[in-house]
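To start, the structure under review is shown below, and the notes come after it.
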Amino acid sequence: MHDAIDLDAYLQRIGMRAAAAPNLATLQAIIAAHVAAIPFENLNPLLGLPVDLALPALERKLVFDGRGGYCFEQNLLLVAALRAIGFEVSGLIARVVWTRPDDAVTPQSHMLVRVELAGESWLVDVGFGVQTPSGALRLQPDIEQPTPLEPFRLQHEDGRWRMQSLVHGQWLSLYHFDLRPVPLIDYVVANHYVSTHPESNFVNNLSVARTLSDRRLSLRNREFTVRRPESEPERRQLRDATEIRHVLEREFGLRLPGTAMLDRRLGELPDGEE
């Protein structure tokens, strides 16, 4: 497998102009820049197109073609970039419980990344959509950790970790995970499920998100939402495929795929529900 990323092109894509070195300041800057520049999106599964996790395909789609992707694409690209800079990184896998009961049994369908830096372990995740952490988090339980947006915290019990964020005064769980490093083949299998299974959320619904320094943007089917800390969400229903296209291009900065199927699928979308 080709594993040499075009680091200069990646840094240009996310707007990083400072020198990149394997330190905490660089790590935090890359996370903030990446989530602002490369949107979370699932257009390929929605259109019945494959999601290729090979690095050349990830570079072409997310770096050179102006597209985004979901967790496996986003975090595998990030891993390649961090390794090229000199960081020690490993991939983890999680069971998502966001919008579900905290004790729900869900498949291992989400990727996150562990970074070892100056004797400390950190977690980064640039691919969780509407609640993507906008900064690196210490792998330390039961402390509130600020990010440019909401605070996050980790909980640990019997070998299982839980990622939570503070949303309007309530701690909500994003996912559960452990610290066993995950080989690429496990991501390939999980990616196949979430991108092709007829009951997969990503096959049946449009999910797009972008995390800026002061707000979160999300599009769930036809519902476009802007969330700012300490404010009520601003929601707007989009009328048709033309308006959805406009929001995808203008608000999320996406260069849309040139397929005749796109307008048809956008026009079929139901009202959004998160």
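Filtering 80, 94, 84 for residues that are out of contact with any Lys or Arg (no Cβ under 9 Å at 6 or more places or on another chain), more than 21 Å from residue 190 (Cα to Cα) and small (Gly, Ala, Ser) leaves a single hit, 84.
Of all residues in the range 23-78 being within 14 Å of the chain's Cα centre (by Cα) and part of a loop (DSSP other than H, G, I, E, B), which is nearest to residue 8 (Cα to Cα)? Once the filter is applied, the top-ranked residue is 38. Whenever a residue of the range 112-130 is under 15 Å from residue 26 (Cβ atoms), its partners that are in a loop (DSSP other than H, G, I, E, B) and charged (D, E, K, R), lying with C-beta atoms within less than 8 angstrom and at least six residues away or across chains, give the pairs 113/125. Consider residue 154 carefully, then state whether it is surrounded by 15 or more Cβ atoms within 10 Å (Cβ to Cβ), at pLDDT 95 or above, touching a strand residue (DSSP E or B) at 6+ places or on another chain (Cβ under 7 Å) and aliphatic (A, V, I, L, M). Here the answer is yes, as residue 154 does meet what is asked. Taking the listed residues 234, 249, 223, 230, the one that is touching a His at 6+ places or on another chain (Cβ under 9 Å) and not aromatic (Phe, Trp, Tyr) is 230, with no other qualifying. Considering 158, 125, the condition of being within 15 Å of the chain's Cα centre (by Cα) and charged (D, E, K, R) is satisfied by 125 alone. Applying the selection to the range 1-36, what residues are closer than 30 Å to residue 270 by Cα and buried (at least 20 other Cβ atoms within 10 Å of the Cβ)? 34, 35 - these are the residues of the range 1-36 that are closer than 30 Å to residue 270 by Cα and buried (at least 20 other Cβ atoms within 10 Å of the Cβ). Of the residues making up the range 170-192, at least one is free of Cβ contacts under 8 Å to residues at least 60 places away in the same chain, hydrophobic (A, V, I, L, M, F, W, C) and part of a strand (DSSP E or B).
Residues of the range 98-126 that are assigned to a loop (DSSP other than H, G, I, E, B), buried (at least 21 other Cβ atoms within 10 Å of the Cβ) and not charged (D, E, K, R): 126 alone. Of the residues making up the range 216-274, those that are free of Cβ contacts under 8 Å to residues at least 40 places away in the same chain, assigned to a loop (DSSP other than H, G, I, E, B) and more than 19 Å from the chain's Cα centre (by Cα) number 9.
The values are calculated or read from the model by the stated rules, or taken from the named source; none is laboratory data. The structure displayed is predicted, hence computed values, not measured ones. In this analysis, Cβ positions are derived from the backbone assuming ideal geometry, glycine residues included, and neighbour counts consider all displayed protein chains.
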